[in-house]
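Reading through the structure tokens given below for one structure.
The values are calculated or read from the model by the stated rules, or taken from the named source; none is laboratory data. Because the structure is a prediction, the values reported are computed rather than measured. In this analysis, Cβ positions are derived from the backbone assuming ideal geometry, glycine residues included, and neighbour counts consider all displayed protein chains.
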Amino acid sequence: MLPFILRRLLTAIPTLLVVVTLSFFLMRVAPGGPFDLEQPLEAKVMANLRRIYQLDQPLYTQYLTYLGALLRGDFGPSFYFRDFTIAELFRQGLPVSMRLGASALLLALAIGGPLGVLAAFRQNQGADYAVMGFATAGITIPNFVVAPVLQIVFGLTLAWLPVAGWNDGAVRNTILPIVTLALPQIAVIARMTRASMIETLRANHIRTLRAQGLPATTIALHALRGAALPVVSYLGPAAAALLTGSVVVENIFAIPGIGRYFVEGALNRDYTLVMGTVVVVAIFVLAFNLVVDLIYALLDPRVRLG
Amino acid sequence: MSDQALASPPIAGRSLWQDAATRLQRNRAAMASLIVLGLIALACLIGPWLTGHAYDHAYQDYVRTPASFESRPTAEAIPAAVQRVAARIRATPSDIAVNGDTVRLTLSAPRPIDQRLLVYFDRSDMFGTPKILATAEDGRRLSLEVPVEHLRFLFGTDGNGRDLLTRTLIAGRVSLAIGLLATGVALVIGVVYGAAAGYLGGRIDMLMMRIVDVLYALPFIFFVILLVVFFGRNFVLMFLAVGAIEWLDMARIVRGQTLSIKRQDYVLAAEALGVPTRDILTRHIIPNTLGPVIIYVTLLVPKVILLESFLSFLGLGVQEPMTSWGVLISDGARAIEGAAWMLAFPAAFLVTTLFALNFLGDGLRDALDPRDR
């Protein structure tokens, strides 16, 4: 197990390098620069700014400098949020996004999984149609429609919860964003669990259990182990995406997470911010893919790590 | 063995596609979705010419008018509207009488009324050219008959007083076109790339799939926003580019299919007969991968439509006065407190379309998946 983890961590390095390199150069060839304003700056001011941020040097020097700094864990200063380094921005925003994302993920698993199992056991019956209808709705209704509706219903009409704001992470403030984040995930997890559960329930070992006259819950637990595999492999990238924040949800609910940094960074040509976000997201993706593979090996003894 | 059996007509074979078509026709949800999609597409194509409004015409007198079947202006709204126009003419209206399609009223002012100012009635969205019935007191009193211009806003109007029905339909054109366009690009690239990688195999396959892996590792949203930066104002180009990103999944699916198809006897036979690689790909491999590809396409179209609306929500999408469902929804989400219809109608169209596409995709999967036979 340990050698496998080490090997995976080693192969993650070239992948990260490719991602960093590609996004670095893509970002730089994009037209415009971080100091473009409505009114162009004076040439001298511009030249000074570019020198301070080392933008006047050849691209490959900048690239090597950036890589060197990155190796030391230095993400550099932000171009757009002056007075902040990228590390500071992430230190503030990442815990917020991760808390919301993790809660949403747990909620989605806790609701979506059982719903999917229920639908699979009641295939082509009322409960199945209800779950699948709900799941299709969850996938098709975009979160920027769900969020304002939730705000109106629970924030204004019923006035149970605050409409928006973070309020230092008070639980009341996190409920609506978490629900908004979780709804589509509940839908996807329910659909996937149902599909793979139906397949597993047809397997021979389950038929044997049925023949032995075991109760439905025991059968479900046995089937779940096999049925969980596709869901787990979906959860890897999904978890990475959830934990690194959602730009829509953070926008609508005015939450100080890191989801908005991608859009703001790219639009303002905040090179270091975009690069930092790319690196953080890539690390999350790689880490969760590794976790997924480990869980896979635990669930399915046929899978050999190596 | 009797003569009768020999004389019976030969059993007509049914192809996979005929089989799938019959099964799809039996799936009520999928057929209903197909009809709904057809109706929405038809409405978006020809609807904007039938609503009687231009999608970019702003009716200043009808800003944020709620949706209703009633024709505007309502009888109760006319006196207030007359008051507004009269104020601009600097006169006081009296004896306002609404009968049918005309309003009779008397304007009076301390000084003679400049009749050229009556053009304000014309300029209003509610009235036509006024007819002067009588003048009195040296032109300080005018009796007018003003025709009322009736308009209907079935879906209400937006914050600029533009007809929401027309805009929703026009937006549907844009959203559907974008969905189909990007999907088409992804389809072509993905199928050709995947089929080539799978059929050629070996090192070429390795290399081609590594390229796909690297592209997968890049955050998708980063790519999209870079594209916005590059193509900015040109929305069509941008979505060609989005299609050029979305082909990755398609390539994987097609490659997987190809790997199993290329070992089939008919492919070996074609190879033995010396059919060129190109023809084997186009005649034998690609047509046989189409089942999963069609399913994926019906799921990719809604994905792209959602992506477009997501970009529009961020303000990076279609620019005014052109519009898309995403733009309308994000406008509606901002105005939801006072003008819920601005969110409700575009969202209903978008969600119905996405629902139908999803059901159709599910139906196609059931119809084309031979395991469920």
**Asked** Only one of B:Ala87, B:Ala54, B:Ala67 is more than 25 Å from B:Ala339 (Cβ to Cβ) and either in a strand (DSSP E or B) or of a type in the set (A, V, I, L, M, F, W, C) (or both); which?
**Response** B:Ala87
**Prompt:** When you look at B:Gly315, is it within 14 Å of chain A (Cβ to nearest Cβ) and at positive phi, yes or no?
**Reply:** yes
**Request:** Would you please name the residue that is surrounded by the fewest Cβ atoms within 10 Å (Cβ to Cβ), looking only at residues in segment B:297-312 that are at the interface with chain A (Cβ under 10 Å from one of its Cβ atoms) and over 20 Å from B:Phe231 (Cβ atoms)?
**Result:** B:Leu299
**Asked** Among the candidates B:Asp138, B:Asp95, which residue alone is in a strand (DSSP E or B), at positive phi and surrounded by fewer than 19 Cβ atoms within 10 Å (Cβ to Cβ)?
**Response** B:Asp95
**Message:** If I ask for residues that are crowded, with 18+ Cβ neighbours inside 10 Å and in contact with a helix residue (DSSP H, G or I) (Cβ under 6 Å, 6 or more places away or on another chain), which ones from segment A:46-78 would you list?
**Reply:** A:Phe75, A:Gly76, A:Ser78
**Prompt:** Being within 25 Å of B:Arg210 (Cα to Cα) and crowded, with 19+ Cβ neighbours inside 10 Å, is that true of even one residue in segment B:262-277?
**Reply:** yes
**Request:** Kindly check whether there is at least one residue in segment B:120-129 that is within 31 Å of the chain's Cα centre (by Cα), surrounded by fewer than 21 Cβ atoms within 10 Å (Cβ to Cβ) and not in a helix (DSSP H, G or I).
**Result:** yes
**Request:** Give the residue that is surrounded by the fewest Cβ atoms within 10 Å (Cβ to Cβ), with candidates limited to residues of segment A:129-140 that are touching a helix residue (DSSP H, G or I) at 6+ places or on another chain (Cβ under 6 Å) and more than 9 Å from chain B (Cβ to nearest Cβ).
**Result:** A:Gly138
**Request:** Kindly indicate the residue of segment B:359-373 that is surrounded by 22 or more Cβ atoms within 10 Å (Cβ to Cβ) and more than 9 Å from chain A (Cβ to nearest Cβ) and also nearest to the chain's Cα centre (by Cα) among those meeting that condition.
**Result:** B:Leu360
**Complete:** Here, helices (runs of 4 or more DSSP H) confined to segment B:207-287 with at least 2 residues that are of a type in the set (Gly, Ala, Ser) are B:235-261, B:265-272
**Asked** Looking at segment B:157-171, which of its residues are crowded, with 21+ Cβ neighbours inside 10 Å and either without any contact (Cβ under 8 Å) to a residue 12 or more places away in the chain or in contact with a Ser or Thr (Cβ under 8 Å, 6 or more places away or on another chain) (or both)?
**Response** B:Thr157, B:Asp163, B:Leu164, B:Leu165, B:Thr166, B:Arg167, B:Leu169, B:Ile170, B:Ala171
**Fill in**
Of the conditions (1) crowded, with 17+ Cβ neighbours inside 10 Å; (2) modelled with pLDDT of 85 or more, the single one that B:Arg203 does not satisfy is (1)
**Complete:** Residue count, segment A:118-128, condition touching a Lys or Arg at 6+ places or on another chain (Cβ under 9 Å) and either crowded, with 18+ Cβ neighbours inside 10 Å or in a helix (DSSP H, G or I) (or both), comes to 4
**Complete:** The residue that is farthest from A:Asp74 (Cα to Cα), considering only those in segment A:284-304 that are more than 10 Å from chain B (Cβ to nearest Cβ), touching a residue at least 60 places away in the same chain (Cβ under 8 Å) and in contact with a helix residue (DSSP H, G or I) (Cβ under 7 Å, 6 or more places away or on another chain), is A:Asp300
**Item:** Index of the failed condition, A:Leu214 passing every other in (1) assigned to a loop (DSSP other than H, G, I, E, B); (2) in contact with a Gly (Cβ under 6 Å, 6 or more places away or on another chain)
**Value:** (2)
**Asked** Is it true that some residue in segment A:275-284 is touching a Phe, Trp or Tyr at 6+ places or on another chain (Cβ under 9 Å), crowded, with 18+ Cβ neighbours inside 10 Å and aromatic (Phe, Trp, Tyr)?
**Response** no
**Request:** May I ask you to verify whether B:Leu187 is in contact with a Gly (Cβ under 9 Å, 6 or more places away or on another chain), in the same structural domain as B:Ala347 (by TED's automatic domain parsing) and assigned to a helix (DSSP H, G or I)?
**Result:** yes
**Asked** Would a scan of segment A:141-164 turn up a residue that is assigned to a helix (DSSP H, G or I), among the polar types (S, T, N, Q) and more than 13 Å from every other protein chain (Cβ to nearest Cβ)?
**Response** no
**Request:** Look at segment A:242-264 and say how many of its residues are outside any loop (DSSP other than H, G, I, E, B) and either within 9 Å of chain B (Cβ to nearest Cβ) or of a type in the set (Lys, Arg) (or both).
**Result:** 6
**Fill in**
Only one of A:Pro14, A:Pro31, A:Pro3 is on the phi < 0 side of the Ramachandran plot, within 14 Å of chain B (Cβ to nearest Cβ), out of contact with any helix residue (DSSP H, G or I) (no Cβ under 9 Å at 6 or more places or on another chain) and exposed (fewer than 11 other Cβ atoms within 10 Å of the Cβ), namely A:Pro14
**When residues of segment B:333-353 are limited to those that are within 9 Å of chain A (Cβ to nearest Cβ), over 16 Å from the mean Cα position of the chain (by Cα) and of a type outside the set (A, V, I, L, M, F, W, C), the one surrounded by the most Cβ atoms within 10 Å (Cβ to Cβ)** = B:Arg334
**Complete:** Flagged in segment A:147-193 as surrounded by 23 or more Cβ atoms within 10 Å (Cβ to Cβ) and of a type in the set (S, T, N, Q), in numbering order, are A:Thr180, A:Gln185, A:Thr193
**Request:** Note down all Cβ pairs under 7 Å where the first residue falls in segment B:310-321 and is touching a residue at least 24 places away in the same chain (Cβ under 8 Å), the second is part of a loop (DSSP other than H, G, I, E, B), and they're at least six residues apart or on different chains.
**Result:** B:Leu311/B:Gly317; B:Gly317/B:Ser324; B:Val318/B:Ser324; B:Gln319/B:Arg233; B:Pro321/B:Asp56
**Message:** For the structure I just gave you, tell me whether B:Ala356 is buried (at least 21 other Cβ atoms within 10 Å of the Cβ) and either more than 30 Å from A:Leu267 (Cα to Cα) or among the charged types (D, E, K, R) (or both).
**Reply:** yes
**Asked** Being assigned to a helix (DSSP H, G or I), more than 14 Å from every other protein chain (Cβ to nearest Cβ), among the acidic types (Asp, Glu) and surrounded by fewer than 23 Cβ atoms within 10 Å (Cβ to Cβ), is that true of even one residue in segment A:197-208?
**Response** no
**Asked** Which of the residues belonging to segment A:182-191 are more than 10 Å from A:Val146 (Cβ to Cβ) and either without any contact (Cβ under 8 Å) to a residue 24 or more places away in the chain or within 18 Å of the chain's Cα centre (by Cα) (or both)?
**Response** A:Ala182, A:Gln185, A:Ile186, A:Ala187, A:Val188, A:Ile189
